[in-house]
Amino acid sequence: MRRPGRGSLASRIAAGCLLVAVLAVLVALLVSTRLIGVTAREVTAAALGRQADVVAAQIDDTGGAVGLRRVAETLRGQGIEIVLFGPGGRPTTAPAADTAAALAATSAARAVGGTPVSGTALSGGQTLLVEARPARSGAFALVQPVDRASEAVATQLRRSIGFALLAGVLTALAGAVAVAALLARPLRGAVAGA
C-alpha cells in the first residue's frame, strides 16, 4: 500500500538516479570552468607567440620599419600593443605604465641579445601576455591583456562544454527512467507478494 505524499517506487528510483547524474554534471561543470580559463590563456599565449614569430619574419624580410606601421595598426586593432627596443635594450617610445611594468617583469629586453622571451605579468590588476623577439635593429615585444584576448576562446569553450553537459543530463534522465522501470518491476512483485 502506498503512503500518501510519496511517489511510486519507480519514480523514487528515477529521482535518485537523476540526482546522482545531476551531481556528476555539477562537479564536471566546476572542474571545466577552471579548465576553460587555463585553456583559453594557453591558446591565447600560443597565438600571440605565433604572431610574434610572423612579425619577426616580416621585420627581417623588410629590413625594419617598412610595413611595420601597418603591422602595428593591425595588432593594435586586435588589442595587442607592440613595443620596439633599440640596440641598447630601451624602448624606442615610452609604453603605457602597465605595459612597461609587464616588460620589466618578464625581462623582455633580453630579446635584444637574441633570446626570444615569452611570459606573463600581473600589472594594474590584469594579467598581460608578453612575447618578445630579436630583430635586426634591436627587438620588439607584443603585449596583450589575457582577459580581453581569451574571452572569445573561453566563450566558445563554455558553449561546447555547456552543450556536452546538457546532453549528459538529458541522457541521464532517459537512463534514470529506464533503470527505474527495470528495477521497480521485480521490487513491485516482491512487495505485492508480501
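Here are the numbers for this structure:
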| read-out | value |
| --- | --- |
| Residue satisfying condition, being at pLDDT 80 or above, open to solvent by 50 Å² or more (accessible area, probe 1.4 Å), within 22 Å of residue 127 (Cβ to Cβ) and in a helix (DSSP H, G or I), within set 20, 54, 43, 27 | 43 |
| Breaking point among (1) within 26 Å of the chain's Cα centre (by Cα); (2) at pLDDT below 85; (3) more than 12 Å from residue 142 (Cβ to Cβ), for residue 69 | (1) |
| Out of 165, 182, 157, sole residue that is closer than 24 Å to residue 78 by Cβ and part of a helix (DSSP H, G or I) | 157 |
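The values are calculated or read from the model by the stated rules, or taken from the named source; none is laboratory data. Given the structure is predicted, the values throughout are model-derived calculations rather than measurements. Here Cβ is always computed from backbone atoms with ideal geometry, including for glycine, and neighbour counts include all displayed protein chains. The protein model used for the area step is the full one, side chains on, heavy atoms only, and it has no ligands, DNA or RNA in it. Shrake-Rupley method; radii C 1.70, N 1.55, O 1.52, S 1.80 Å.
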